[in-house]
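Undergrad: This is the structure, below, for whatever I ask next.
Just so it is clear, none of the values below were taken in a lab; they were calculated from the coordinates. None of the values given here were measured: they were computed from a predicted structure. Note that each Cβ is placed from the backbone with ideal geometry, even for glycine, and that neighbours are counted across all protein chains shown.
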Amino acid sequence: MAFAVTTLASSCTDSVGAAPPVICGTRVDPDITHRLIDPGSFHEQNRVNRSEATSAPCTLLSGQDPVIRFHYWWADGQVDLKYMAEQTGGVSRIANVRKIDLPYDTLVGNDGALAATPCISKAGDHFALTIQFPKINLTDQSHRADIEKFMRAYFPATVKTLGCA
């Protein structure tokens, strides 16, 4: 009996390191996220104000280390994702992007993804989201399918929270 109680208690504490179910205000299945980040104790630095449509970052951290960087963008006019992905700055650059088939304009790369859609807000008529995984090597293509799966879940869910669905 003591073994069963000990086993049960340790299996419950194992879930502490699981990926969070809500990241930067968007619900996402932790099973999708856990393929891209190591287990840990997570917290956010979030400057996004959805109601004011203020372009800003939100970062998921494990300790002091960023594990996922999001940048929410609101703009007037269509967003040039390819240009954003190729910028040399660290806010939107994604390595080796390719377009994927989604109802939204979406690019997936080795270390992140970008997507955009029309969305009427206080700040303009389009919304874009950049997602970067800073722990993934820029030349490592082995995570592309998992990044695509994450983006297929996260972006539509985020758009829904903005009232753009």
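Undergrad: Run down Asp101, Asp111 and say which single residue is crowded, with 16+ Cβ neighbours inside 10 Å and of a type in the set (Asp, Glu). Walk me through it before giving the result.
TA: Working: Asp101 fails: crowded, with 16+ Cβ neighbours inside 10 Å.
Matching residue, one of Asp101, Asp111: Asp111.
Undergrad: So in region 149-165, with the set limited to residues that are of a type outside the set (A, V, I, L, M) and surrounded by 16 or more Cβ atoms within 10 Å (Cβ to Cβ), which one is farthest from Ser92 (Cα to Cα)? Can you show your working first?
TA: In the first step, residues of region 149-165 are kept if they are of a type outside the set (A, V, I, L, M); the result is 149-150, 152, 154-156, 158, 160-161, 163-164.
From what's left, surrounded by 16 or more Cβ atoms within 10 Å (Cβ to Cβ): 149-150, 152, 154-156, 158, 164.
On the way: Lys149: 19, Phe150: 17, Arg152: 18, Tyr154: 17, Phe155: 15, Pro156: 19, Thr158: 18, Cys164: 22 Å.
Filtering region 149-165 for residues that are of a type outside the set (A, V, I, L, M) and surrounded by 16 or more Cβ atoms within 10 Å (Cβ to Cβ), the one farthest from Ser92 (Cα to Cα) comes out as Cys164.
Undergrad: Got a sec? Which of Ile120, Ile94 is among the aliphatic types (A, V, I, L, M) and touching a strand residue (DSSP E or B) at 6+ places or on another chain (Cβ under 6 Å)? Don't jump to the end; show me each part of the working.
TA: Numbers: Ile120 fails: touching a strand residue (DSSP E or B) at 6+ places or on another chain (Cβ under 6 Å).
Just one listed residue meets the conditions, Ile94.
Undergrad: Here's a follow-up. When you scan region 33-60, how many residues do you find that are surrounded by fewer than 16 Cβ atoms within 10 Å (Cβ to Cβ) and either in contact with a His (Cβ under 6 Å, 6 or more places away or on another chain) or more than 26 Å from Cys119 (Cα to Cα) (or both)?
TA: 6
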